[in-house]
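Worksheet for the structure shown next.
All of the numbers you see were taken from the coordinates with simple rules; none came from a lab. This one's a predicted model, so the numbers in the text were calculated from it and none came from an experiment. Heads up, the Cβs are rebuilt from the backbone with ideal geometry, glycines too, and the neighbour counts pull from every protein chain shown.
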Amino acid sequence: MRKYGLLLIGFWFIIFCHAADLDSYFRSIGLVEVSAIDKSIHFELKYATADNLFKESVYTGITGIWLHPDAAVKLIKAQKILKETNPDYSLIVYDAARPMSVQRRMWNLVRGTNKTNYVSNPAKGGGLHNYGMAVDVTIINKAGKPLPMGSPFDHFGEEAHINKEEMLLQSGKITREEFNNRRLLRMVMRQAGFRTILYEWWHFNACSREEAKKNYKLIE
């Protein structure tokens, strides 16, 4: 019984340490801080603030963009491609690597609501963020203002869907400028090796889910 108690204490101590200092934890498991390697890439970690769909912070102890090295190389390449074509623009990252402990917290906050389709169920293995192989990103201009994309980040409606953009444009729900900005974002991210998903214009995966399960470790 005493041994079990010590193990339980140790488990919760590890969880607490992860939550208290994610920067150190990510570094210890081999992730890289992209924002330290390429300082031209901006970041505003939405889930470390209340400016997100949960209306509360779900992260603590994180102060930069952390990714698996394979995804980091692609993000740095995407920034280079963007700068070569549009020198006054820059990528800004809203979320990157995400521990399963945070994924479980997110799921508990949306469970039983109409937002469950937009948060990966941790019971099913989570998503690519949980491998450090996904990034939520958009483009800012020289003044640091995000380019209009037709919907805010974390907008869960058809305006955020990339497979309906022609219809959205024709119906006036997004403008030609917003349409073109999305195309630009996808162009630089795809050329760097990222993949899109249908329902979030801001989300990009550095590999498939099958590749992640085979080649990478979940971030606990």
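Each peptide among 88-96, 40-48 gets the average number of other Cβ atoms lying within 10 Å of its residues, and from highest to lowest they stand as 88-96, 40-48.
If only the Cβ of Lys and Arg carry +1 and only the Cβ of Asp and Glu carry -1, the dipole of region 138-220 around its Cα centre is close to 320 debye. Working note: 222 nm ellipticity from helices only, DSSP H runs with n ≥ 4, each -39,500 (n - 2.57), summed and divided by the residues of the chain, gives -12000 deg cm²/dmol to the nearest 500.
Dipole magnitude for the chain: about 560 debye, using +1 per Lys or Arg Cβ and -1 per Asp or Glu Cβ, origin at the Cα centre.
Quick one: length gained pulling Leu184 to Thr113 fully straight, 0.36 nm per residue minus the C-alpha distance?
Between Leu184 and Thr113, full extension yields 22.3 nm more.
Ordering Ala134, Trp202, Gly172 by Cα displacement along the dipole of the chain toward the positive end leaves Ala134 in first place; charges were set at the Cβ atoms of Lys, Arg (+1) and Asp, Glu (-1).
Legend: distances between Cα atoms for Lys124/Lys213; Lys115/Lys164; Lys83/Lys173; Lys83/Lys145; pairs beyond 21 Å are Lys83/Lys173. For the chain, the residue among Met100, Pro148, Leu82 whose Cα projects farthest onto the positive side of the dipole built from Cβ charges is Met100.
Span-like helix criteria (full DSSP H runs; alpha carbon extent of at least 20 Å along the helix axis; mean Kyte-Doolittle hydropathy of at least -0.5) are satisfied in the chain by 2-20, 69-85. Taking the Cα centre of region 134-186 as reference, the dipole from Cβ charges on Lys and Arg (+1) and Asp and Glu (-1) amounts to some 260 debye. Note on Glu210 and Glu84: the extension gain reaches 42.1 nm, defined as 0.36 nm multiplied by sequence separation minus the Cα-Cα distance. Sorted on the mean count of surrounding Cβ atoms within 10 Å across their residues, most packed first, peptides 32-38, 64-70, 193-199 read 64-70, 32-38, 193-199. Structure remark: mean-square fluctuation, Gaussian network model of the chain, C-alpha springs under 10 Å; the largest value among Phe156, Phe204, Phe26 belongs to Phe156.
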